[in-house]
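Colleague: Encoded as structure tokens, here's the structure I'll be asking about.
Derivation of every value follows stated rules applied to the coordinates shown; laboratory data play no part. This structure is a prediction, so every number in the text was calculated from the model and none was measured. In this analysis, Cβ positions are derived from the backbone assuming ideal geometry, glycine residues included, and neighbour counts consider all displayed protein chains.
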Amino acid sequence: MKTISEKMRFLLLQHRGMLSIKEMSDVSGVNRFTLTDILTGKRTIVRDTTFDKLNDWLYKQI
């Protein structure tokens, strides 16, 4: 299990301004309900695969 840092959450929220949750879910491969929990701060500890998907997607955005 890995932890979503505040910096990573901040970067996700920046991209949230450009995409809907569904669009973010589709392009990142992360379940939309999990993504919502991460963005609202309800969930900070996620599976390694979820973390890796988000990290890879953010890396491609830079």
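Colleague: Would you tally the residues in the range 1-21 being free of Cβ contacts under 8 Å to residues at least 40 places away in the same chain, surrounded by 11 or more Cβ atoms within 10 Å (Cβ to Cβ), closer than 14 Å to Q61 by Cα and of a type in the set (A, V, I, L, M)?
Modeller: Looking only at that region, the number is 2.
Colleague: Contact list please: Cβ distance under 7 Å, first residue in the range 22-34 and of a type in the set (G, A, S), second residue surrounded by 13 or more Cβ atoms within 10 Å (Cβ to Cβ) and assigned to a helix (DSSP H, G or I), pairs at least six apart or on different chains.
Modeller: Partner pairs satisfying both residue conditions: S25/R32; S25/L35; S28/K53; S28/L54; S28/W57; G29/K53.
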